[in-house]
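The values are calculated or read from the model by the stated rules, or taken from the named source; none is laboratory data. The model shown is predicted, which means the values in this text are computed figures rather than measured ones. Positions of Cβ are backbone-derived with ideal geometry, glycine not excepted, and every protein chain shown enters the neighbour counts. These accessible areas exclude ligands, DNA and RNA; they are computed on the full protein's heavy atoms, side chains included. Shrake-Rupley method; radii C 1.70, N 1.55, O 1.52, S 1.80 Å.
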Number of protein chains: 4
Amino acid sequence: MIEDISVRFLDSFKDKKLVCPVLVEGLPGIGQVGKLVAEYMIHMLDAERIAEIHSIYFPPHVIIEENGVARLTRNELYLHHTEHRDILFLVGDYQSTSNEGHYILADQYLEIASELGVQRIYTLGGFGVGHFVEEPRVLGAINRDGLREEIEASGVVFQRDEPGGGIVGTAGLLLGLGALRNIDAVCLMGETSGYLVDPRSATSVLAVLCSLLNVKVDPTQLNARAAEMERMIEGLIEGEKIQSNEELSYIG
Amino acid sequence: MIEDISVRFLDSFKDKKLVCPVLVEGLPGIGQVGKLVAEYMIHMLDAERIAEIHSIYFPPHVIIEENGVARLTRNELYLHHTEHRDILFLVGDYQSTSNEGHYILADQYLEIASELGVQRIYTLGGFGVGHFVEEPRVLGAINRDGLREEIEASGVVFQRDEPGGGIVGTAGLLLGLGALRNIDAVCLMGETSGYLVDPRSATSVLAVLCSLLNVKVDPTQLNARAAEMERMIEGLIEGEKIQSNEELSYIG
Amino acid sequence: MIEDISVRFLDSFKDKKLVCPVLVEGLPGIGQVGKLVAEYMIHMLDAERIAEIHSIYFPPHVIIEENGVARLTRNELYLHHTEHRDILFLVGDYQSTSNEGHYILADQYLEIASELGVQRIYTLGGFGVGHFVEEPRVLGAINRDGLREEIEASGVVFQRDEPGGGIVGTAGLLLGLGALRNIDAVCLMGETSGYLVDPRSATSVLAVLCSLLNVKVDPTQLNARAAEMERMIEGLIEGEKIQSNEELSYIG
Amino acid sequence: MIEDISVRFLDSFKDKKLVCPVLVEGLPGIGQVGKLVAEYMIHMLDAERIAEIHSIYFPPHVIIEENGVARLTRNELYLHHTEHRDILFLVGDYQSTSNEGHYILADQYLEIASELGVQRIYTLGGFGVGHFVEEPRVLGAINRDGLREEIEASGVVFQRDEPGGGIVGTAGLLLGLGALRNIDAVCLMGETSGYLVDPRSATSVLAVLCSLLNVKVDPTQLNARAAEMERMIEGLIEGEKIQSNEELSYIG
């Protein structure tokens, strides 16, 4: 019988004794903000892939990689060693397809975190505001009152009633279920329109997270991607204006 | 593996020997009537929080509290001591997201009730009639024929074929599943339009319930909220009339 | 933990040794044909209620009976003794709300049938044709080739490719799953528009079933209900014609 | 309690020692391409039916066969002996109705394959392109890099980013879950519009598969069906053109 969730650590990951590990979660979500940040950090820090997670709660299909090899939809763990602490990243293709699956998966992630001795979790996401934001703020949520001061000091905004609808999925449940296990967890949400993939919002979150983790990640490539995205959007708006003017002159 | 439902009694709740306890259920539902009544009573009686209930059948998100702390969506138990009996309140953010979850949660609530020696359950709800009701009646349903006389004596109306569609969710299942466990249960439903949160309907239910429980709860604040709501609705209707007249004079 | 399905035999049903029992299933479905037939037979034969079945796969609500007593949605078993054989009836409020639940419930019904020594099952239903049928035929399906001749002899029509979409729910699964348990099962489907409750179609099925079971059930009341239904429909059509003529004369 | 999945091998299938068996999966899917190919091969090779599979994850209904006998929706295994290897075919009425069921069924198929010593799996499907294709190519996906060369040599195209959405259902999961069990698996997808059953696409896949399996299957009947289909479509297009011309002349 297939397991509901299977976690496979790679053979290369022999030594499970990590130094003061923190876990950064960046699964798909609003504006793909969390995913952009976590995958960018993995790329720039050349983090090591250490585990893959499959589950019957992920969509039932395979993804074709460039070489034609199909693989199950999955989540993955990456590891980056720094002098003072180890950083684990949780990234992947999808979140759960069912409500119950969200809980069961989040609990499994916490079980892994527990076993690896994780002392703090950062979950990343977007905070949809419904309009374009030039300088996206980073909003925060915590799972223990004592965490707020430190997080605010890094520039994160705690705003009453935001996000009003709560935090949906893994980014939220790791805080809620984490508290029941006494694991500190912080959610960092970049303001974003909610309509498009948003690398600009991701750069804001990246800056805050690097400061909190005391690591350096050059944001140049992410900034470039954000600038490109903005040119594209401006082009679209410009195009609409021109079309709109032409229509007016046609009428006139 | 995460439990489907976890019930955590607070350490402060040491003495589980309750005196003739009754359980009042007021979870979210039509017009939020049940929720309004139960939470108002908890507030006014300063009832003690004694347990929290989490479940994979609740929506998979966290709620941000005013201090920025995220917590799981949950149900809660509160306790109020009176001279003659103890009153337990079951309130919370949500009911189940799945059909099966409704049954499984309701059964768990009855298991708790059984363990605490609950002798009667009152479930609260709204009864949607599709139009505004000036003086909402309280309709009743019972899970044993012998209960009717007592409940009618307190002003509750038993009307054939109402509610025609039955009672959906926890408020209904506690009666149905309760009967199989020989626990008496009564459902009190305030008439309500079904469109808006309805504190007026809640005041009707509150009066009946207080009489049945022989407790005094000052309804002033709930009445005030109802009056405010009614002014707001009148304002909206007035506004529509004005707009409608303006449109007519424009046409004329 | 609540059982997925609970079957409670009434204390009055002491003697489980039935004589050559057959099971007649008439749960809600197309045109309510099966439900009408089975409940009419229970009524006319004054069959004895012997068991009730509850399940988390039924809709999560209670039904209010005339005396104000709420009860769980359920299925029920009734028993009628005849000289040569005992007839069991399976009726109820609903079928399963989930795909998987349909299989699990049908299997449970077969488990009960097995324990009671049931030798044949008749499942009843409607066969939707999309238009009104004056003299509805009864179409049949069987779960073993050898059954066909006997069933055809009673006037049941076996028509290639009908019903084309197969038989959905309990009426079908009792045949399919029954075959795996070597229990003979026959489905009788009355032709019906599929739009309305259809007592006319039910009278056709009733006649065939009574012949097959060798029991007499006076169809007068069911015929009366069918005639009433037809007058109502004619009235509606008449009304439309009048309206339609009036519109024409208005135009003319 | 009913099993989630039941696999019944026919008594006629005594000798489970197969020679270098491969498994060909052709369940319903896009353009029914996989189903057409696998069922055509079973027909032309007169393969032996050896097992049937039932599951609560299949739709809860029965299918009426020509003789009026109802049977559960199911999947089936067929076997064809060749000199050098045995070929197993997995075909059936439906795939899973739920996401989780897809995983659980695919894992069960792999369990069967494992037990029977299957050394390679071919899964068949259609690749929807949204327009009619005169000479459909066969696209491929593999579950181990080393398989590509052999598959390409038989004329299969590996195209970057196609299919972009991955491969949904059993045809995909047998590759993904197969890799975790170290069973080689190849998916062959015939280009197809995605709108209609497509025997033309099936002939392309058939040719490639026969070459890979080194078996001969006369494609005449499948070609004839494809030709008939194309005449029908041309007729429809022609009809539209005529209608369109008539409309023009009417306007003119």
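Tabulated values for the structure
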quantity: Qualifying position, being among the basic types (Lys, Arg) and under 19 Å from the mean Cα position of the chain (by Cα), among B:Arg74, B:Arg8; calculated: B:Arg74
quantity: Single residue of segment C:60-95 satisfying the filter (acidic (Asp, Glu) and free of Cβ contacts under 8 Å to residues at least 40 places away in the same chain) that is farthest from the other protein chains (Cβ to nearest Cβ); calculated: C:Glu83
quantity: Hits in segment C:96-117 - residues which are facing chain D (nearest Cβ under 9 Å) and open to solvent by 40 Å² or more (accessible area, probe 1.4 Å); calculated: C:Asn99, C:Glu100, C:Gln108, C:Glu111
quantity: Answer from B:Thr220, B:Thr203 - the residue that is among the polar types (S, T, N, Q), farther than 30 Å from C:Ile56 by Cα, without any contact (Cβ under 8 Å) to a residue 40 or more places away in the chain and touching a helix residue (DSSP H, G or I) at 6+ places or on another chain (Cβ under 6 Å); calculated: B:Thr203
quantity: Residue count, segment A:54-78 (criterion: crowded, with 21+ Cβ neighbours inside 10 Å and within 18 Å of A:Tyr109 (Cα to Cα)); calculated: 8
quantity: Residue in segment B:21-44 that is nearest to B:Val118 (Cα to Cα), counting only those that are among the hydrophobic types (A, V, I, L, M, F, W, C) and open to solvent by 40 Å² or more (accessible area, probe 1.4 Å); calculated: B:Met44
quantity: Which numbered condition A:His61 misses (of (1) more than 25 Å from B:Ser98 (Cα to Cα); (2) modelled with pLDDT of 95 or more; (3) in contact with a helix residue (DSSP H, G or I) (Cβ under 8 Å, 6 or more places away or on another chain)); calculated: (1)
quantity: Hits in segment B:157-200 (condition: assigned to a strand (DSSP E or B) and either open to solvent by less than 10 Å² (accessible area, probe 1.4 Å) or within 12 Å of chain C (Cβ to nearest Cβ) (or both)); calculated: B:Val157, B:Ile167, B:Val168, B:Asp184, B:Ala185, B:Val186, B:Cys187, B:Leu188, B:Met189, B:Gly190, B:Thr192
quantity: Selection count, segment B:22-59, where residues are within 14 Å of chain A (Cβ to nearest Cβ) and not β-branched (Val, Ile, Thr); calculated: 7
quantity: Odd one out for C:Ile233, checked against (1) open to solvent by less than 60 Å² (accessible area, probe 1.4 Å); (2) not charged (D, E, K, R); (3) not in a helix (DSSP H, G or I); calculated: (3)
quantity: Number of the condition not met by C:Met44 [criteria: (1) in contact with a strand residue (DSSP E or B) (Cβ under 6 Å, 6 or more places away or on another chain); (2) aliphatic (A, V, I, L, M); (3) closer than 26 Å to C:Val205 by Cβ]; calculated: (1)
quantity: Residue check for B:Val129: in contact (Cβ under 8 Å) with a residue 24 or more places away in the chain, more than 14 Å from chain C (Cβ to nearest Cβ) and either open to solvent by 10 Å² or more (accessible area, probe 1.4 Å) or β-branched (Val, Ile, Thr) (or both); calculated: yes
quantity: Residue check for D:Thr82: at pLDDT below 95, of a type in the set (Ser, Thr, Tyr) and touching a helix residue (DSSP H, G or I) at 6+ places or on another chain (Cβ under 9 Å); calculated: yes
quantity: Matching residues, segment B:120-142, being more than 17 Å from C:Val69 (Cα to Cα) and part of a strand (DSSP E or B); calculated: B:Gly126, B:Gly128
quantity: Elements of type strands (runs of 3 or more DSSP E) in segment A:1-99, at least 1 residues being touching a Phe, Trp or Tyr at 6+ places or on another chain (Cβ under 6 Å); calculated: A:22-25, A:48-55, A:75-81, A:86-92
quantity: Residue count, segment B:82-95 (criterion: open to solvent by 60 Å² or more (accessible area, probe 1.4 Å) and of a type outside the set (Ser, Thr, Tyr)); calculated: 3
quantity: Output for segment D:164-207, where each listed residue is within 15 Å of the chain's Cα centre (by Cα), of a type in the set (A, V, I, L, M, F, W, C) and under 13 Å from D:Thr123 (Cβ atoms); calculated: D:Ile167, D:Val168, D:Ala171, D:Leu173, D:Leu174, D:Leu175, D:Ala185, D:Val186, D:Cys187, D:Leu188, D:Met189, D:Val205
quantity: Positions within segment C:139-149 being open to solvent by 60 Å² or more (accessible area, probe 1.4 Å) and either closer than 23 Å to D:Arg8 by Cβ or touching a residue at least 12 places away in the same chain (Cβ under 8 Å) (or both), in sequence order; calculated: C:Arg144, C:Asp145
quantity: B:Ala207 vs. criteria within 14 Å of B:Leu139 (Cα to Cα), open to solvent by 40 Å² or more (accessible area, probe 1.4 Å), at pLDDT 95 or above and not basic (Lys, Arg); calculated: yes
